[in-house]
Amino acid sequence: MIMKKIASISFFLMVNFLFSQTSEVKIEGDYNGDGKKEFAYATVSDCSDECEGNCITTIHFSDEKIKPITIKNAKNGDIYNLKDLNNDGADEIGFYPNWCTSCWHSFYVYTFRNNESKFLVKPIPTHCLQWEENKFPIEKDPLKKGFVRITSSVWKNDKIKVETKSVKLK
């Protein structure tokens, strides 16, 4: 009887570990613009090594006043402190999801208002070739105040092309 309980508990803990993982990486920034640094980190729930399940990644913050960001169809990913792209006094956060199949992934850029996230720009389509060429998806436009340069991957003439354009922030 005791062995059955131990086996059941071990199985439960193993499944819980496989389907809910916390990232070791914590990214520091002032995401809500209060002048204090906080950390962002990701957890993954309901996702196997083969991306079976709901595969939900949640970005949490050490300042619990900042509401978590939930990303569907993401098996963890990379979090970036993008610094203050829109000159509002708070750092923006970027997220590039991991997935099991395609090289095409959107890069997500979030800003915060009243401790809630919203997209700063529409999700930016990227292909792994763009990342291999070190062409990061977003940066402040050094030539135009209030603009960002968005670098995205597109399919044109049967080829993957990387294009950059300047976009005014709202």
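Note that the range 111-120 has calculated 3J(HN,Hα) couplings of 10, 10, 10, 6, 6, 10, 8, 8, 5, 6 Hz, one per residue in order, obtained from phi through the Karplus relation 6.51 cos²θ - 1.76 cosθ + 1.60 (θ = phi - 60°); glycine and proline are x. Model label sites at Asn73 and Leu129, defined 7 Å from Cα along the beta-carbon direction, differ in position by 2.1 nm. To the nearest ten degrees, helix 2-19 and the longest principal axis of the Cα atoms of the chain are 10 degrees apart. Electrostatic bookkeeping for Asn98 treats Lys and Arg as +1 and Asp and Glu as -1; over the other residues with beta carbon under 12 Å from its beta carbon, the sum is -1. Out of these labelled values of Cα Rg over 2.2 N^0.38 Å, [x] 1.26; [y] 1.08; [z] 1.21, which was calculated from the coordinates shown here? Only one listed value fits the structure, namely [z].
With R₀ fixed at 41 Å, the C-beta to C-beta distance from Lys159 to Glu50 puts the FRET efficiency at about 0.85.
Residue-wise HN-Hα couplings along the range 97-106, as the Karplus relation 6.51 cos²θ - 1.76 cosθ + 1.60 with θ = phi - 60° gives them from phi, are x, 8, 8, 8, 10, 7, 8, 8, 9, 7 Hz; Gly and Pro carry x. The aspartates and glutamates whose alpha-carbon is closer than 13 Å to the alpha-carbon of Lys75, local same-chain residues fewer than 8 away aside, are Asp46, Asp49, Glu50, Glu52.
Multiplying the residue separation of Cys100 and Leu169 by 0.36 nm and subtracting their alpha-carbon distance yields 21.6 nm.
Using a cut-off of 31 Å between Cα atoms, the listed pairs Lys118/Lys161; Lys37/Lys170; Lys67/Lys156 include Lys67/Lys156 as exceeding that distance. Couplings 3J(HN,Hα) of the range 125-136, computed from phi: x, 9, 10, 4, 4, 4, 5, 5, 8, 6, 9, 5 Hz, in residue order, whole Hz [Karplus 6.51 cos²θ - 1.76 cosθ + 1.60, θ = phi - 60°; x for Gly and Pro]. Close amide H contacts of Glu38 (hydrogens built in the peptide plane, cut-off under 5 Å, sequence separation of 5 or more or a different chain): Gly29, Asp30, Tyr31. Amide H contacts under 5 Å for Ser106: Thr126, restricted to partners 5 or more places along the chain or on a different chain, H placed in the peptide plane at 1.01 Å from N. Distant-in-sequence amide contacts of Ile138, defined by a placed amide H-H separation under 5 Å and a gap of 5 or more residues or a different chain, comprise Thr151.
Values in this text are rule-based calculations from the coordinates and carry no lab data. Note that the structure is predicted; figures quoted are calculated from it, not measured. With ideal geometry, Cβ positions are generated from the backbone for all residues, glycine too; neighbour counts draw on all protein chains shown.
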